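Enquirer: I have a structure here, written as structure tokens, and I will follow up with some questions on it.
The values are calculated or read from the model by the stated rules, or taken from the named source; none is laboratory data. Quantities reported herein were computed from a predicted structural model and do not represent experimental measurements. Positions of Cβ are generated from backbone atoms using ideal geometry, with glycine treated the same way; all protein chains shown enter the neighbour counts. Only protein heavy atoms, including side chains, enter the accessible area calculation; ligands, DNA and RNA are left aside. Shrake-Rupley method; radii C 1.70, N 1.55, O 1.52, S 1.80 Å.
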Amino acid sequence: MIEPVNEQTNAFNAWAHNMQMRVEDVLNTHLPPSNTSPMRLHEAMRYATLGGGKRVRALLAYAAGEFCGAGLNKIDVPAAAVEIIHAFSLVHDDLPCMDNDDLRRGKPTTHKQYGDALALLVGDALQSLAFQLISQDKQLKSATQKLQMLHILALASGSRGMAGGQAIDIESIGIPLSRAELEHMHIQKTGALIRAGALLGAYSADKPKDDKIKAVDHFAKSIGLAFQVVDDILDAEANTQALGKTAGKDQLHNKSTYVTILGLSAAKQLASELHANAMAALSFYGREADLLRHLANFIIHRSF
Ligand code: GRG
């Protein structure tokens, strides 16, 4: 029986809420307790990671993992690891030497709460923790599988992934980028970790089929870029309270965005085209790809 669209959306929303709570539990369990030494560092790591965010990268891991046949228990740690790397990147991104922001996820940024030096260490320690958790995960039985995941996460975070994209971003402040340069920057800065989230989920399955890995990869590349285009649109259109972070930051910092390069209407058109590309990657599959489809819709239609 084909369910009506709003029932499917309600079911997806309930699934997403459950997975957000699930990854919160996994994070809570695996982050060092704040009553163990060094207590202030551990408290700040928990402050930066817990109790906020849409958990899009974890949701991608769960959806791609289920698509490829992995049990939820196997996806838990990889999903938490990609969120930990993401939290790390946000802490460093907000520092005065980077974007210098005061508000993140509706509360003071980590350096505002704990000082710049500790925030730097929070990022460093979170990065190590993400790799440590995958390496010691008892749910993942094969060393090859773990190695594959560590490789995916390392590539996505490094100089040809997120750190590289951030380097291009800070070097280009005040210098208008071409559309191709902007795309290159965002594939690295935002797209790489989103793609990693989906791939980590896919590789959580014991024997993921090649065609499914390729479909997830194709899907994640398109939806990762769409995510950033929507981020640019929201930065221009939404307000600080709705976003939980400072709105209008790109304009303030004189940064090239899809909105400054294409204009609002063409940026929205591009987001729809990228969404359509992501959906096309799943066209061969039936209901087993529905979580990924709904997630793509959520990424495109989100308001924060
Ligand atoms: C992590 C290796 C490494 C280096 C740090 C600072 C930095 C280099 C990179 C910055 C990457 C960055 C912050 C990109 C912005 C991506 C982005 C759109 C963030 C907002 O993501 P959401 O909307 O946030 O998913 P929530 O709060 O919902 O999790």
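Enquirer: What residue, among those in the stretch 96-108 that are more than 9 Å from the ligand (Cβ to nearest atom) and among the acidic types (Asp, Glu), is most open to solvent (accessible area, probe 1.4 Å)?
Expert: If we take residues in the stretch 96-108 being more than 9 Å from the ligand (Cβ to nearest atom) and among the acidic types (Asp, Glu), then Asp102 is most open to solvent (accessible area, probe 1.4 Å).
Enquirer: So, in the stretch 189-217, of the ones that are open to solvent by 30 Å² or more (accessible area, probe 1.4 Å) and within 12 Å of the chain's Cα centre (by Cα), which residue ends up nearest to Asn254 (Cα to Cα)?
Expert: That would be Lys189.
Enquirer: Which pairs have Cβ atoms under 6 Å, sit 6 or more apart or on different chains, and link a residue in the stretch 43-59 that is over 17 Å from Met21 (Cβ atoms) to one that is open to solvent by 30 Å² or more (accessible area, probe 1.4 Å) and within 10 Å of the ligand (Cβ to nearest atom)?
Expert: Short answer, once both residue conditions are applied: none.
Enquirer: Where in the stretch 1-84 are there helices (runs of 4 or more DSSP H), lying fully within it, with 1 or more residues that are within 23 Å of Lys209 (Cα to Cα)?
Expert: 56-68
Enquirer: Any chance the stretch 127-138 includes a residue that's in a loop (DSSP other than H, G, I, E, B) and under 18 Å from Pro78 (Cα atoms)?
Expert: For the stretch 127-138, residues in a loop (DSSP other than H, G, I, E, B) and under 18 Å from Pro78 (Cα atoms): present.
Enquirer: Can you pull out every residue in the stretch 1-60 that is farther than 26 Å from Ile299 by Cα and modelled with pLDDT under 95?
Expert: Met1 - this is the single residue of the stretch 1-60 that is farther than 26 Å from Ile299 by Cα and modelled with pLDDT under 95.
Enquirer: Go through the residues of the stretch 81-95 one by one and say whether even a single one is within 13 Å of the ligand (Cβ to nearest atom) and over 18 Å from the mean Cα position of the chain (by Cα).
Expert: Yes, the stretch 81-95 contains at least one residue that is within 13 Å of the ligand (Cβ to nearest atom) and over 18 Å from the mean Cα position of the chain (by Cα).
Enquirer: When you look at Arg104, is it modelled with pLDDT of 95 or more and at positive phi, yes or no?
Expert: So Arg104 fails the test.
Enquirer: Return the pair list, or none, for Cβ contacts closer than 6 Å from residues in the stretch 20-35 that are more than 11 Å from Leu133 (Cα to Cα) to residues that are open to solvent by less than 30 Å² (accessible area, probe 1.4 Å) and outside any helix (DSSP H, G or I), at least 6 apart or on different chains.
Expert: Close Cβ pairs (under 6 Å, with a partner that is open to solvent by less than 30 Å² (accessible area, probe 1.4 Å) and outside any helix (DSSP H, G or I)) amount to Gln20/Arg55; Val23/Arg55.
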